[in-house]
Amino acid sequence: MSTFNFETTPRVICEIDGALRLGTLCRELKAERVLLVSDPGLLRAGLLDAPLRALREAGVEATLYSDVQADPPSESVQDAVDAARNCRAQAVIGLGGGSSLDTAKLVALLCGREQALESIYGINLAQGPRLPLIQVPTTAGTGSEVTAVAIVTTPSHEKKGVVSPLLYPDIALLDARLTVGLPAAVSAMTGVDAMVHAIEAYTSVHKKNVLSDGLAVQALRLLAGNLDRVLAEPGDLQARSDMLLGSMLAGMAFANSPVAAVHALAYPLGGHFHVPHGLSNALVLVPVLNFNRPAASALYAQLAAAVLPGQRFASEALACDAFIEFMTRLVERMPFAQRLRDVGVTADDLDRLTDDAMKVERLLINNPRPVTRDDARAIYASVL
């Protein structure tokens, strides 16, 4: 019998225009004053207007913090915490991509109990209670609305994680209408990011379990079946909804069966070159899949059925090859940079990237094949 522990967000709402219910949901959480955490892009696009109006029409005093930065620096997180304290927030709403959701998690945590951010980097070092928290993703990628992790960029450009069950929000709200206006490149990056979550959760050597496996497979099926569709028809609400659902399921999977080498090698690209997280993952995904092939062939073969439904393969090796080929071609046709040099990386940067990647031991230990420093550098070099 399998022995495992599985945790996730206790309440999920998946509903077109569900963001218009935020006022009612805050009332249910007994919050009359809230901080809504988002980013400047969503503010400029007008996507925050309707949710803010819904809050205020319900009699909820809503203060907007819209200065979230990508790969949130620790000082940006502290600014948001100060904003929440200044408005005496009784609850926090994260509305945006992964950076906004991660920032909202930390605001709710740090406002619930006095503790220094730098003191809680790591696993289960945070203490409660926290403020009530609602997460509303506007990209189908990070799955942060159902994970117990928040990633922060330190002043030394390292990515540090706060890992605690306290970071699971009270409510995850999936409203596909909020994703319709995404630029194609953002839809592509975040979509591949979610696929990486599913793939690495399924192949993780630690904490892999039957629940995370089922969620990862269904997530991959939804994501692979709808990513091209949302790029071709950005207003397709059904495809957008399926992408959001796939992203969330992948988030549930990797929250319980953790990610590995793709993410470990992606983090330094974000920290040093400010490459969006989804693109960082996409840039190193295929070489990591090929590196892992000797150890993960059987698992990749099983995932072939999710991305190539109805196809039969004569052998496990052929199914594995088909899966890696599918992911290779999918990444190649996405409307984003394909090589490290396209995002400013030079050969002189490879050692620094490699050294930083090797520090992410909490993820590297989950990889199906052990990664040495030479291996990591060779992977970077192969996509330079």
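Numbers at a glance
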| quantity | calculated |
| --- | --- |
| Cβ pairs under 8 Å, 6+ apart, first in segment 191-205 and closer than 13 Å to VAL230 by Cβ, second outside any helix (DSSP H, G or I) and of a type in the set (S, T, N, Q) | ALA194/THR142 |
| Any helices (runs of 4 or more DSSP H) falling wholly within segment 270-384 and containing at least 2 residues that are among the hydroxyl-bearing types (Ser, Thr, Tyr) | 277-307, 373-382 |
| Subset of segment 300-319 that is hydrophobic (A, V, I, L, M, F, W, C) and closer than 16 Å to ALA198 by Cβ - its residue that is surrounded by the most Cβ atoms within 10 Å (Cβ to Cβ) | LEU303 |
| Scan of segment 84-128 for residues that are surrounded by fewer than 19 Cβ atoms within 10 Å (Cβ to Cβ), of a type outside the set (Gly, Ala, Ser) and not in a loop (DSSP other than H, G, I, E, B), ordered by number | ARG85, ASN86, GLU118, ILE123 |
| Every residue from segment 14-67 that is more than 25 Å from the chain's Cα centre (by Cα) and part of a helix (DSSP H, G or I) | GLY23, THR24, ARG27, GLU28, ARG53, ALA54, LEU55, ARG56, GLU57 |
| Residue among ALA347, ALA337, ALA376 that is touching a residue at least 12 places away in the same chain (Cβ under 8 Å), crowded, with 19+ Cβ neighbours inside 10 Å and aliphatic (A, V, I, L, M) | ALA376 |
| Members of segment 28-66 that are on the phi > 0 side of the Ramachandran plot and touching a helix residue (DSSP H, G or I) at 6+ places or on another chain (Cβ under 6 Å) | none |
| Residue satisfying condition, being crowded, with 24+ Cβ neighbours inside 10 Å and either of a type in the set (A, V, I, L, M) or without any contact (Cβ under 8 Å) to a residue 24 or more places away in the chain (or both), within set LEU35, LEU64, LEU48, LEU20 | LEU35 |
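Just so you know, all these numbers are worked out from the coordinates, no wet-lab data involved. It should be emphasised that the depicted structure is a prediction, and the values quoted were computed from it without experimental measurement. Glycine also receives a Cβ, built like all others from the backbone with ideal geometry; neighbour counts cover every protein chain displayed.
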